[in-house]
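Reviewing the structure listed below.
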């Protein structure tokens, strides 16, 4: 056995890690913001907002799982990304429709929670990606 260890770069695993970290950050921030909304807006409005944010968190997690399952040719990778996006939005719409029909919650706070989920996920993804990219650039320049 040699004492050398070889580290292979797996872009799918790195992408999966970043996507799941972004979903985790999205869940924590959305939960914190909705928890702050409970005393300010009331239980019904905050619950409706929480459903919208939770639907987006679940949709993004599902999209990450579908999109980043395995390595393949470019055509298959594009198909996986499109399938992940389609599954995400189907999940979000289904959660919102079911919640609207079953609980009869207010639709506007639910859409605000959904928008909150989209914005927080985009910011978390950007922050995680640029943080990792900056560290990678520093290592390769040195």
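The values are calculated or read from the model by the stated rules, or taken from the named source; none is laboratory data. As the structure is a computational prediction, the values presented were derived from the model and not from experiment. Neighbour counts are summed over all protein chains in view; Cβ atoms, including those assigned to glycine, are modelled from backbone coordinates with ideal geometry.
Condition check ((1) surrounded by fewer than 21 Cβ atoms within 10 Å (Cβ to Cβ); (2) touching a helix residue (DSSP H, G or I) at 6+ places or on another chain (Cβ under 6 Å)) across all residues:
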residue: 35; (1), (2): yes, no
residue: 66; (1), (2): yes, yes
residue: 73; (1), (2): yes, no
residue: 88; (1), (2): no, yes
residue: 101; (1), (2): yes, no
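In the set (1) in contact (Cβ under 8 Å) with a residue 40 or more places away in the chain; (2) over 20 Å from residue 16 (Cβ atoms), the condition left unmet by residue 98 is number (1). Could we say that residue 99 is in a helix (DSSP H, G or I), modelled with pLDDT under 90 and at negative phi here? Considered against the rule, which asks whether it is in a helix (DSSP H, G or I), modelled with pLDDT under 90 and at negative phi, residue 99 comes out as yes. Any residue in segment 121-132 that is closer than 22 Å to residue 58 by Cβ, modelled with pLDDT under 90, out of contact with any helix residue (DSSP H, G or I) (no Cβ under 7 Å at 6 or more places or on another chain) and outside any helix (DSSP H, G or I)? Checking segment 121-132: not a single residue is closer than 22 Å to residue 58 by Cβ, modelled with pLDDT under 90, out of contact with any helix residue (DSSP H, G or I) (no Cβ under 7 Å at 6 or more places or on another chain) and outside any helix (DSSP H, G or I). Scanning segment 6-52 for residues that are modelled with pLDDT under 85 and in a loop (DSSP other than H, G, I, E, B) yields 6, 7, 8, 9, 10. Of the set (1) farther than 21 Å from residue 35 by Cα; (2) surrounded by 14 or more Cβ atoms within 10 Å (Cβ to Cβ), all apply to residue 124 but (1). Every condition in (1) more than 30 Å from residue 130 (Cα to Cα); (2) part of a loop (DSSP other than H, G, I, E, B) is met by residue 69 except one, and the failing one is (1).
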